[in-house]
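Worksheet for the structure shown next.
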Amino acid sequence: MRYLRLLVPMLVWVIMASSCEKDPELIIEPDPSSITFNIYPKVGNQPMVLNQEYLDEDSYRIMPTLFRFYVSHLTLLTDSGELEIKDVALLSLEGLASGEPLTIEAAIPAGNYTGVRFWIGLDSAQNASDPATYAQDHPLSAFQGTFWTWNSGYRFVMLEGYYDTLANTPGPVATTSFFNYHTGLNTLYREAVLGAASVPFSVGEGDSYTYNLDLDLNRALYGSRDISRNMGAITHSTSNYQLAEDFTENFIRAFSLSNP
Amino acid sequence: MKALRYILPLIVLVAIMSGCGKEPDDDDGTKNDRGWVYNPQAYTVEIPRNFPPATFPASNPLTTQGVQLGRMLFYDPILSGDSTLACAGCHKQENAFSDNRILSLGIDGLQGKRHAMPLFNLVYSSRFFWDGRATDLAEQALIPVEDPLEMHAYWPENIIKLQAHKDYPKFFYEAFGVEPEDITKEHAGKALAQFMFTLVSGRSKFDEAVTGFGELTDQERRGLELFISQDGADCFHCHGTPNGNQVFQELSPSLQFRNNGLDSFATAVEYVDKGLGEATGIVTDFGKFKVPSLRNLAFTAPYMHDGRFATLEEVVDFYSTGVHQTANIDAGGMEFAFQGGVQLTPQEKLDLIAFLMTLTDNEFVTDPRFSDPFK
């Protein structure tokens, strides 16, 4: 009997202890280091937002209504090699307030970096993806509205809007005249030409580093190749390929270090 | 000692039951004082395999009980001001949950402002109504109920009617675990949304063809080529591509709304029906409307937001030669507006329509899961 008096409470305690879920062990890990790429869309020196009029470099009124593009294989350069930190991101100006940047965030190891590189558009494997296989919020999902046809894959850059066909026209921009630059096709996949925009930086353990870039619409339209007026205002790459190529060549050179 | 033989297992049992964090709900659910049971069972919507993965809102998980309640509310005129008009009165299954009237009639005999939209594959939409003013289907479901041109009811009164009903209080409890006094219009909206989310249409001839279970005819194939060709009918810019994915409507939230040049206005402020612009207030959105799915066109006439075209032939004629280069004309998809449209030949028009008819899902309009539960 005495034995049982001890045994019963012990048994109860053992059952209670073992039938409950165990608390997980608390493991404290240091915060990872991270980087945020801010890309500030601008028209010249003005912050750029959709559905707002701007006077472009040639004094034509222009109103972008849609602007989205893919950045792929965002890579950090080091003395010993390269580290890809984001395979694909879709950046869009929709919902962006004036002065707000487009952002790409990624966790990175602490260390010294000698620069960055990235590509505009999708590589041939990404471009051959089936958008139906991706969840809605994935950059390559059909829901992003960037997939075109099975022949040409995705649209790499989509820039649409209205413009005046004459310079120095008074009044609001005529929304009956529109431009539409849709670049795609594997042959228009290009690395962004950053030049002085690719600068060395260091990131400490647990630190967040911010890399600021400007993206200037004027440079995309009036860069090394002047595409704004003389080649028509519409390309889907499969049509008016030269315009698509010229726009692409300008676009990849439209990034610079940000001067807020 | 003998007594201990019984006491010991009893103590052990009590210890097991009381030792852990309490789980009041077991597999039989929660029963209230009225004897009603709240034990919702997850409802799985069958998504056709050529459709993209569907993400249902986490704020309104589909349950068998919720879907069934929503189906009853959808078909029950109880939600209208005079209890004569149900949602299904203007969203008829035989019309792919659209209305064959140009403009539907509300309980006061007044016409609605726009043609009733068909209802299917709504999980792929993120904005509802022709003008996109609702961003949540459960929110959308509440609006026509109070619209003076439609069901012209008052939600607080509807809640009283539902609370006093002989069956609904129990059904609300079974679906949401709410006592009668706690029923809200949000519960009704969620139930209606759950039912509408189940309205999936993906069993057309085209679906069979893309999944390898059927073939298109030569004429239908020619129509498909026109559909996806920029130099043909150029439909794909707004209606998506038939890579088995886009369900023939533009899915990207920003691209769901377009101005297709139905009317001719020199400036955006001239639009009488401002469409998306009414919801956003953005001038460049004036005259934009939701791009509708091209599925089930055989059932959804008349066409366009105002039902101005009685037949598909009229629609194709419009896109061929009737497009206006109007203010806010869509910059992404209406590039042939400058010449009035895509200029199809008579044969091309026939081919295109033949293809569009392959998007007809006959099973959908007779599917008993979606039919009137009171019949």
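Bear in mind these aren't lab numbers, they're just calculated from the coordinates by the rules spelled out. Predicted model, so just to flag it, every value in this text is computed and none were measured. Glycine gets a Cβ as well: all are built from the backbone with ideal geometry, and neighbour counts include every protein chain shown.
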From the Cα centre of segment B:198-233 to that of segment B:44-67, the distance in Å is 25
So how compact is segment B:205-357: Cα radius of gyration and Dmax in angstrom?
-> 15.5, 50
D (µm²/s, integer) via Stokes-Einstein for segment B:64-200, Kirkwood Rh across alpha-carbon pairs, 37 °C, 0.692 mPa s: value 220
Nearby lysines by direct alpha-carbon distance to B:Lys161 (threshold 23 angstrom, same-chain neighbours under 8 apart not counted) = B:Lys170, B:Lys185, B:Lys190, B:Lys375
Pseudo-spin-label distance A:Leu83 to B:Ile160, built 7 Å along Cα→Cβ, given in nm, is 6.7
Inter-probe distance in nm under a simple model that places probes 7 Å from Cα toward Cβ, at B:Thr30 and B:Asp231 | 6.6
Report, as an integer, the average count of C-beta atoms from other chains found within 10 Å of each Cβ along A:235-241.
-> 2
When only alpha-carbon atoms count, how far does the protein assembly as shown stretch along each of its three principal axes, as whole angstroms with the largest first?
-> 104, 74, 48
If amide H atoms are modeled at 1.01 Å from N in the peptide plane, then the residues at a separation of 5 or more from A:Thr78, or on another chain, having amide H under 5 Å from its own are A:Leu83, A:Thr114
With the Cα gyration tensor of segment B:123-195 giving a ≥ b ≥ c as the square roots of its eigenvalues, does the rule (a/c under 1.5 for rounded; else a/b larger than b/c for prolate; else oblate) give rounded, prolate or oblate?
-> oblate
How large is ³J(HN,Hα), in whole Hz, for each residue of segment B:357-367 in order, when computed from phi with the Karplus curve 6.51 cos²θ - 1.76 cosθ + 1.60 and θ = phi - 60°, using x for Gly and Pro?
-> 5, 6, 8, 7, 10, 5, 5, 4, 7, 10, 4
Taking segment A:31-257 and dividing mean pair separation by its residue count, relative contact order in percent (alpha carbons under 8 Å, at least six apart) | 26
Between B:Asp273 and B:Asp367, what is the label-to-label distance in nm when each label sits 7 Å out along the Cα-to-Cβ direction?
-> 2.8
Stretched fully, the stretch from B:Arg221 through B:Val37 gains (0.36 nm per residue minus C-alpha distance, one decimal, in nm) 60.9 nm
When the Karplus curve 6.51 cos²θ - 1.76 cosθ + 1.60 is applied with θ = phi - 60°, which whole-Hz ³J(HN,Hα) does each residue of segment B:181-196 get, with x for Gly and Pro?
-> 5, 9, 5, 10, 5, 5, 4, 5, x, 5, 5, 4, 5, 4, 5, 5
Reduced to Cα centres, the span from segment A:60-99 to segment B:259-290 in Å works out to 31
Which of B:Phe265, B:Leu352, A:Val173, positive extreme of dipole for the protein assembly as shown (C-beta unit charges) = B:Leu352
Chain B: angle of helix B:64-75 to the longest principal axis, Cα-based, in degrees nearest 10 = 50
Which value, in debye to the nearest 20, gives the size of the charge dipole of chain B about its Cα centre, when Lys and Arg are +1 and Asp and Glu are -1 at the Cβ?
-> 980
Other chains' Cβ within 10 Å of A:127-139 residues: what's the mean?
-> 3
Give the residues of segment A:63-89 whose amide nitrogen is closer than 15 Å to a point set 7 Å from the Cα of A:Ala125 in the direction of its Cβ.
-> A:72-74, A:84-88
Amide H to amide H, which residues 5 or more places from A:Ser34 or on other chains are under 5 Å from it, using H placed in the peptide plane?
-> A:Ile108, A:Asp207, A:Ser208, A:Tyr209
Full-stretch length increase - A:Tyr209, A:Ala110 - with 0.36 nm per residue and alpha-carbon distance subtracted | 34.6 nm
Taking Cα pairs closer than 8 Å and at least 6 residues apart, the relative contact order of segment B:64-200 in percent is 32
Evaluated over chain B, the Cα radius of gyration and Dmax, each in Å = 25.0, 102
How large is ³J(HN,Hα), in whole Hz, for each residue of segment A:131-139 in order, when computed from phi with the Karplus curve 6.51 cos²θ - 1.76 cosθ + 1.60 and θ = phi - 60°, using x for Gly and Pro?
-> x, 5, 8, 9, 5, 4, 8, 6, x
Note on segment B:205-357: contact order normalised by length, alpha-carbon pairs under 8 Å, 6 or more apart, percent, works out to 28
Could you give the angle, 0 to 90 degrees to the nearest 10, between helix B:218-228's Cα long axis and the longest principal axis of the Cα atoms of chain B?
-> 90
Tell me, what is the FRET efficiency for A:Phe201 and A:Glu53 to the nearest 0.05, using R0 = 35 angstrom and their Cβ-Cβ distance as r?
-> 0.45
Determine, for each peptide in A:36-45, B:85-94, the mean count of other beta carbons within 10 angstrom over its residues, then list the peptides with the highest first.
-> B:85-94, A:36-45
Rounded to a whole number of µm²/s, how large is the Stokes-Einstein D of segment A:165-260 at 37 °C and 0.692 mPa s, given Rh as the Kirkwood radius over C-alpha pairs?
-> 209
Separation between Cα centres of segment A:124-196 and segment B:324-341, rounded to whole Å = 18
Please work out, to two decimal places, the log10 of the ratio I(q)/I(0) at q = 0.21, 0.23 Å⁻¹ from a Debye calculation in which every Cα of segment A:139-210 carries one identical scatterer.
-> -0.95, -1.00
Whether segment A:56-123 is rounded, prolate or oblate, judged on the alpha carbon gyration tensor where a/c under 1.5 counts as rounded = prolate
Any residue on another chain or 5+ positions along whose placed amide H is under 5 Å from the amide H of A:Lys86 is listed here as A:Leu74
Zone residues, segment B:206-230, relative to B:Arg49, backbone N less than 19 Å from point 7 Å out along Cα-to-Cβ | B:206-216
